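The values are calculated or read from the model by the stated rules, or taken from the named source; none is laboratory data. Since the model is a prediction, treat every value here as computed from it, not as a measurement. With ideal geometry, Cβ positions are generated from the backbone for all residues, glycine too; neighbour counts draw on all protein chains shown. Ligands, DNA and RNA are stripped out before the accessible areas are found, and what is left, the full protein with its side chains, is counted by its heavy atoms. Shrake-Rupley method; radii C 1.70, N 1.55, O 1.52, S 1.80 Å.
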Amino acid sequence: QGSLLYLDALGAAFPRALARRGTALLHWTPGCPRAPAGWPLPTLYCTPAPAGALPSRAAALRVQLLFALRQRALHVLEAGLAAELHDALVALRTEWPQLAQELALGRLSPQPGLPEGVRDQLQALLTPDAARAAELRAECARGFEGIAMRLWPQLDVVVVRTAHGAERLYCDSLLQADCQGLPFYCPFYQAAGALLGVNLWPAEPAPRFLLCPDWAFCEFLPCPANKEPRTVLLDELWEGREYGLVVTAQPGEYRCCTGEVLRVAGFHKQCPMVEPVRRESQTLSVRGESIPEEQFCQSLCRALRMWPGARLIDYVCVESSLLGDSSGPCAPHYEVFMELQGLRDLSEGQRYKLDQCLQEDFPVYKSFRFKGSIGPLRLHLVRPGTFTRLREALGSPLPMPRVLREEQLLRLIQGSVVS
């Protein structure tokens, strides 16, 4: 039902979007192919299903990209996560000569994470296309600003199933460079493994999701919580207020607190429309100060504007408790790992700007810093490609965490620090 609503809204806003083989899918589903957003119309897709089920995320996205490049008359680029489209286009920047050669020869090169049997199966679908390979070489040689529209001149829209929260950073990056001039459409809202809402307004830049009452049983905790919190139901929501989401959808998952906070944006025929606001699990807190994910990102972007020439590629935070003895004898603090473009290093004064912005934006944090209960923030720069490897290490196609909670992921990011 959700996919049919999506296809109806997409076709109404972009009539060419439902053309046969006019959609390329970039989505990693390790182990088994999963149904894409437009599964009721499988002829939409020009990318073969086995490509997404490869054991390696990098290999899956690269193979899907190759099949997308074959189809010049694309109308839709679809990705499960904005980060997947971002990483596929990063691969295009670095590997376009090899991709062009594979297009020209109609052959898939051996690569890690691409089993021989699957490679043979996928290669049988390829045919040599020297003209398309030459076009790819010519456009990539011109640079990558607006590359999507130049490689696929008939492209109408980018569909990203998850484009809010942590994924917003990648959407903004794509809109500024590779996907300039293209509208983005986020059709679904999912939580706790359940499809809960659909966005019926593809042409609007900010997604609003219509909560569908019969898809799952949803309860809502008003924010901020009272001393004795009581959940409310769909017909008790108020426009403009924020609520924590509690879901009963899967067998054995009764009244699951998802950690998602939603804002009621309005009503459509008495049914609430919501906007995802934040993920409580991504809140920073070493002394009970609670800095939400989206507000930390705002402070970070403000500090970034004080570093001339710097462009943020990605970031992640760690609370010092996860570092153990490696953090040394110091007060609890945050450590931030960033990938920047345009700057190789930061001075101590530049690094302090982020801590200063947090103190200005969060009085409780400033109070703890003044008393010495929280130590100064430590900022590290990592080498290019670190966050692509981190997403591979997550092992499943989930939105990027902004606060790391696992030591294995921490060790990976620490091993990539260059400054």
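Summary table below
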| item | result |
| --- | --- |
| Residue satisfying all of: in region 73-101; closer than 22 Å to residue 22 by Cβ and among the acidic types (Asp, Glu); nearest to the chain's Cα centre (by Cα) among these | 84 |
| Residue in region 349-372 that is among the aliphatic types (A, V, I, L, M), more than 24 Å from the chain's Cα centre (by Cα) and not in a helix (DSSP H, G or I) present | no |
| Helices (runs of 4 or more DSSP H) contained in region 74-149 and holding at least 3 residues over 28 Å from residue 160 (Cβ atoms) and at pLDDT below 95 | 116-123 |
| Count - residues of region 243-285 that are open to solvent by 60 Å² or more (accessible area, probe 1.4 Å), of a type in the set (Asp, Glu) and in contact with a strand residue (DSSP E or B) (Cβ under 7 Å, 6 or more places away or on another chain) | 1 |
| Qualifying residue in region 298-319 (condition: in contact with a Gly (Cβ under 8 Å, 6 or more places away or on another chain), in contact (Cβ under 8 Å) with a residue 60 or more places away in the chain and surrounded by 15 or more Cβ atoms within 10 Å (Cβ to Cβ)) | no |
| Selection count, region 112-128, where residues are more than 10 Å from residue 54 (Cβ to Cβ) and open to solvent by 40 Å² or more (accessible area, probe 1.4 Å) | 10 |
| Selection status of residue 347, outside the structural domain of residue 165 (by the TED database), open to solvent by less than 30 Å² (accessible area, probe 1.4 Å) and polar (S, T, N, Q) | no |
| Residue selected from region 225-273 under the condition of a type in the set (Asp, Glu) and under 26 Å from the mean Cα position of the chain (by Cα), by the criterion farthest from residue 214 (Cα to Cα) | 242 |
| In region 370-391, the residues that are in contact with a helix residue (DSSP H, G or I) (Cβ under 7 Å, 6 or more places away or on another chain) and either hydroxyl-bearing (Ser, Thr, Tyr) or open to solvent by 60 Å² or more (accessible area, probe 1.4 Å) (or both) | 376, 386, 388, 389 |
| Count - residues of region 153-207 that are assigned to a loop (DSSP other than H, G, I, E, B), more than 19 Å from residue 8 (Cβ to Cβ) and open to solvent by 50 Å² or more (accessible area, probe 1.4 Å) | 7 |
| Tabulated pairs, region 1-18, first farther than 11 Å from residue 44 by Cβ, second buried (at least 17 other Cβ atoms within 10 Å of the Cβ) and of a type in the set (S, T, N, Q), C-beta under 8 angstrom, 6+ apart or interchain | 9/199 |
